[in-house]
Amino acid sequence: MPTARDALAAVADVEGWLTPDQATRLWERAAALAPPARIVEIGSYRGRSAIVLAMAAPDGAEVIAIDPHAGNDRGPQQIEGTASEGERDNAAFRANLEHAGVAGRIRHVRLPSQEALAELPGAVDLLYVDGAHRYTPARDDLERWGARVRPGGRMLVHDSFSSIGVTLAIVRQLLFAREFRYEGRTGSLAEYTRVPAAGSARLRNALRQAGQLGWFARNVALKLLIVLRLRRGDWPY
C-alpha cells in the first residue's frame with residue numbers, strides 16, 4: 001500500500017497549487033475510507049490532487065476527476081483561457097496519471113461540474129472541491145455537489161478563506177449550514193463533515209468559520225500587493 005510520502009514524491013513535479021500539508025490531509029481522508037466508497041474531485045488541472053486521491057483510495061473505491069480542461073479557470077489570474085491551453089492541460093493530466101501509475105484508477109469526466117451532475121448520479125463519500133473560483137460556480141458546486149455528500153461524509157474545499165469568490169460561496173452556503181460542520185483547515189484547504197447541526201451547535205459552527213475571516217482579509221491584502229508588484233513571494237494558499 002502506498003504511503004502519503006509516496007504520494008508526495010509522485011506529485012513533486014506535477015503542476016498545481018495543493019501544498020504538501022494539504023495533500024497529506026487529502027490523503028488521510030481518502031485512505032480512511034472503506035470500499036465501496038466514491039471519491040469525487042471537482043477541478044483537476046494537471047492531476048496533482050487526483051494522483052494523491054487515487055494513491056490513497058482503498059481497493060474497490062471509485063475515484064472520479066471532473067474537469068472540462070477547456071482552458072478557463074486554470075489558476076490564479078487565469079479565469080479566461082484558450083482551448084489550446086485546455087488541451088495542453090488535458091494531455092499533461094493524462095501523462096501525469098500514467099507516470100504515477102494511477103491512470104487505471106481514475107475516471108475522468110471531461111465536463112463542467114454542473115453538467116457532470118447528470119452523468120454521475122448517487123452519493124459521494126469524499127468530495128474535493130477545487131473548481132472555478134468565481135462566486136456563482138463555486139456556490140453551485142458547494143450547493144449541488146455538497147448535497148450529494150452522504151451523511152457522515154466529508155467535503156474539502158480548496159482556496160477557502162483565500163479566494164474571494166470561494167469565500168463568499170462558503171459564507172452563503174456553509175456559514176449557517178444545518179448539515180455541514182466545519183472541521184478546520186490546512187492553509188486554504190477547509191474540511192467539512194456532513195452532520196446535523198442545530199441551536200448552539202449551529203451557532204458555534206458559524207463562529208468558527210467567521211473566525212477565519214481575518215486570515216481571509218490578510219490573504220486578499222497579500223494578493224493585492226503581489227498584483228501591484230509591491231511584494232514578492234508565493235500566492236497564498
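Just so you know, all these numbers are worked out from the coordinates, no wet-lab data involved. Here the structure is a predicted model, which is why all the values come from computation and not from measurement. Positions of Cβ are generated from backbone atoms using ideal geometry, with glycine treated the same way; all protein chains shown enter the neighbour counts.
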ask   = Taking the chain as a Gaussian network, Cα atoms linked when under 10 Å apart, which of T24, T82, T193 shows the biggest mean-square fluctuation?
value = T82
note = So for the stretch 122-208, using the alpha carbon gyration tensor with a ≥ b ≥ c as root eigenvalues (a/c under 1.5 gives rounded; past that, a/b versus b/c decides prolate or oblate), I'd call it oblate
message = If each residue of separation counts as 0.36 nm, what is the full-extension length gain between A9 and H99 once their alpha-carbon separation is subtracted?
response = 31.2 nm
query = What's the longest piece of the chain with no exposed trypsin sites (Lys or Arg not before Pro), counting a site as exposed if DSSP puts it in a loop and it has at most 11 other beta carbons within 10 Å?
reply = 1-177
request  = Give me D for the stretch 14-68 in µm² s⁻¹, whole number, from Stokes-Einstein with Rh from the Kirkwood sum over alpha-carbon pairs, 20 °C and 1.002 mPa s.
outcome  = 191
note = Counting only DSSP beta bridges fully inside the chain, the antiparallel percentage to nearest 5 is 35
key: Residue among G165, A221, L120 farthest towards the positive dipole end of the chain, charges placed on Cβ   = A221
query = If R0 is 25 Å, what FRET efficiency do you get for L225 and A91 from their C-beta distance, rounded to 0.05?
reply = 0.10
key: Relative contact order, percent, the chain [alpha-carbon distance under 8 Å, six or more residues apart]   = 16
request  = Once you've got the GNM for the chain with C-alpha springs shorter than 10 Å, pick whichever of D125, D141, D59 has the biggest mean-square fluctuation.
outcome  = D59
inquiry  = Looking at the chain as a GNM with Cα springs under 10 Å, which of G187, G86, G101 has the largest mean-square fluctuation?
reply    = G101
ask   = Taking +1 at the Cβ of each Lys and Arg and -1 at the Cβ of each Asp and Glu, which of A83, M155, I42 sits farthest along the dipole of the chain towards its positive end, judged by Cα position relative to the Cα centre?
value = M155
